[in-house]
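The values are calculated or read from the model by the stated rules, or taken from the named source; none is laboratory data. The structure displayed is predicted, hence computed values, not measured ones. All Cβ positions, glycine included, derive from the backbone under ideal geometry; neighbour counts span all protein chains shown.
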Amino acid sequence: MWTSKIFVTVDAVVFRKSDTGNELLLIKRLKDPDKGKWALPGGFVDENEDLPDAAKRELQEETGLVINDMEQLGAFGKPGRDPRHHTVSVAYTGFAPDGVEAVGADDAEEAQWFSVKALPSLAFDHADIINLALQKYRL
């Protein structure tokens, strides 16, 4: 019997409006790989879990935010995007209410909102995912 060595993950690209413009929610990674780097909230899909449910769960676990209306942005699976093994990530986008705060939890050291015009250096291929979302929503 053949077993796949490809893992499925989800990422949440969450925006909110502020007085200074649009902001994006990022988490600081608590664990390797890329410990201490900023990244999109996300993680591995559990067995028998639907993809949108996984994105919502990971977002809530890592930031405390609950966003029920999320839309699939796309899939990202370039070999080498995760140094641990071949992963395919399905990214979801959502919009948080103005002024909502987030708190880092689970495997996120912290959670912070950043202006979409001044993003920090990012883990993995998250800059590519974010750029696609910015183009889609013209932010």
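Annotations
- Summed over the stretch 1-33, the residues that are surrounded by 12 or more Cβ atoms within 10 Å (Cβ to Cβ), among the acidic types (Asp, Glu) and more than 16 Å from residue 106 (Cα to Cα) give a count of 1.
- The stretch 93-117 - residue that is under 15 Å from residue 139 (Cα atoms) and of a type in the set (Gly, Ala, Ser) and, of those, surrounded by the fewest Cβ atoms within 10 Å (Cβ to Cβ): 115
- Among residues of the stretch 20-64, those that are over 17 Å from residue 91 (Cβ atoms) and β-branched (Val, Ile, Thr), counted: 1
- Filter pass, residue 59 being at pLDDT 95 or above and in contact with a helix residue (DSSP H, G or I) (Cβ under 7 Å, 6 or more places away or on another chain): no
- Condition check for residue 44: under 21 Å from residue 128 (Cβ atoms), touching a helix residue (DSSP H, G or I) at 6+ places or on another chain (Cβ under 9 Å) and surrounded by fewer than 19 Cβ atoms within 10 Å (Cβ to Cβ): yes
- Residue that is nearest to residue 32 (Cα to Cα), among those in the stretch 125-139 that are hydrophobic (A, V, I, L, M, F, W, C) and modelled with pLDDT of 95 or more: 127
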